[in-house]
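What follows is a set of notes on a single structure, which appears directly below.
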Amino acid sequence: MITEHFRKRTKQRTPYSDSESLMYDLELQKESMIHLHKYSNQLNYYPKLRNKFRKYPFASILVYEFLNLCVVIENENKFVTVYNLFDY
């Protein structure tokens, strides 16, 4: 499920004009995705993302380094927002 907030942030923070195009590219890059949760050891590589768990404490963050994006999801299927990985 894609929220309206996610659609707006896709247009603002990414080079994509719509969320469907972004979702297609995310699906293509699925194998290179890094799945982070609040207590992930890999979170040490992305220290600024740790703060995102204050705002979304029960969420997961999917990191796509190749696309320079990270996506916040809740309940394993609700796309909440998107951030540029190194420009947030």
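The values are calculated or read from the model by the stated rules, or taken from the named source; none is laboratory data. None of these values were measured; they are calculated from a predicted model. Methodologically, a virtual Cβ is constructed for each residue, glycine included, from the backbone with ideal geometry; neighbour enumeration extends over all protein chains shown.
Couple of notes before you dig in:
- Counting only residues that are part of a strand (DSSP E or B), crowded, with 20+ Cβ neighbours inside 10 Å and among the aliphatic types (A, V, I, L, M), the range 50-79 holds 5 of them.
- Only one entry in SER32, SER17 is polar (S, T, N, Q), free of Cβ contacts under 8 Å to residues at least 24 places away in the same chain, out of contact with any Leu (no Cβ under 7 Å at 6 or more places or on another chain) and surrounded by fewer than 17 Cβ atoms within 10 Å (Cβ to Cβ), namely SER17.
- Annotation note: of SER19, SER60, SER32, the sole residue that is at pLDDT 90 or above, under 15 Å from MET1 (Cα atoms) and touching an Asp or Glu at 6+ places or on another chain (Cβ under 9 Å) is SER60.
- Long-range neighbours under 6 Å by Cβ, at least six apart or interchain, first residue more than 11 Å from ILE73 (Cα to Cα) within the range 47-58, second among the hydrophobic types (A, V, I, L, M, F, W, C) and part of a helix (DSSP H, G or I): ARG50/LEU43
- The one condition in (1) assigned to a helix (DSSP H, G or I); (2) more than 14 Å from the chain's Cα centre (by Cα); (3) among the aromatic types (Phe, Trp, Tyr) that PHE6 fails to fulfil: (2)
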